[in-house]
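See structure below.
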Amino acid sequence: MNDIPRIGLGIDVHRLAPSRPCVLAGVTFDSQVGPLGHSDGDAVLHAACDAVLGAAGLDDLGTLFSDRDPANKNRPSTEFCEETMRLVTARGLRVLSMDCVVETEAPKLQPMRQAMRARLAELFALPVDRVNIKGKTGEKIGAIGRGEALRATVVALLGPSRTTGRG
Ligand code: MG
């Protein structure tokens, strides 16, 4: 049953505010603004976890890690990734590939793209050439274009964690 590839989609929006730490895909940015959130607000990791959990047929991130639970306050989102991978591995699945789009006016992603790819590859246990990440602006329109928020969209492909011996 697990030998059929499964695709999952995750989308996450966070408001941006001055004087907030800016951590995206587990990488710390030198930025004037950062995402607001109950945890560290890492929208890329939140969307990535939701994509992986969705593909595995598991509950979503908000259900597993409620923002009403004080234990999750200011929690590093890398811990959500670790828990997500534990659940996925227990189902006999692994992440085969992942592609991410981050829409934001600030910070600029380009200088950190390779670091973000490497961190995502590490967190979701796949080769770096199977992870990609693209930065887009909001074209000066809407909340993203005005620099009030950022949005991360991630698709993830999952497959069996082991080959079945049939090659
Ligand atoms: Mg979030």
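The values are calculated or read from the model by the stated rules, or taken from the named source; none is laboratory data. Everything numeric in this text was worked out from a predicted model, so none of it was measured. For neighbour counting, all protein chains shown are included, and Cβ atoms are generated from backbone atoms with ideal geometry for every residue, glycine included. Heads up: the accessible areas ignore ligands, DNA and RNA and are worked out on the full protein's heavy atoms, side chains in. Shrake-Rupley method; radii C 1.70, N 1.55, O 1.52, S 1.80 Å.
Descriptive notes on the structure:
- Modelled label positions at residue 161 and residue 7, each set 7 Å beyond Cα in the direction of Cβ, lie 2.5 nm from each other.
- For the pair region 1-33 / region 54-127, the C-alpha centres are spaced 7 Å from each other.
- Average accessible surface area per residue within the chain, 1.4 Å rolling probe, Å²: 52
- Sorting 42, 129, 59 by accessible area puts them as 129, 59, 42; the probe is 1.4 Å, largest comes first, and only protein heavy atoms count.
- Largest-first principal axis extents, alpha carbons of the chain, Å: 53, 34, 24
- Placing 99, 3 in order of accessible area, with the largest value first and a 1.4 Å probe, yields 3, 99.
- Length added when fully stretched, residue 19-residue 148, from 0.36 nm per residue minus Cα-Cα: 45.1 nm
- Förster-model FRET efficiency, 22 Å R0, residue 114 and residue 75, C-beta, rounded to 0.05: 0.25
- Radius 10 Å from Cβ of residue 10, net charge of other residues (Lys, Arg +1; Asp, Glu -1): -3
- For the chain, the carbon plus sulfur part of the accessible surface works out to 52%, probe radius 1.4 Å.
- Angle between the chain longest axis and helix 78-90 axis [Cα atoms, degrees, rounded to 10]: 20
- Charge context of residue 84, other residues only, Cβ under 15 angstrom, K/R +1, D/E -1: -3
- Per-residue SASA entry for residue 104, accessible area with 1.4 Å probe, Å² rounded to 10: 10
- Stretched out straight at 0.36 nm per residue, the stretch from residue 87 to residue 139 would grow longer than its current Cα-Cα span by 14.9 nm.
- For the chain, the longest principal axis of the Cα atoms and the long axis of helix 43-55 meet at an angle of about 30 degrees.
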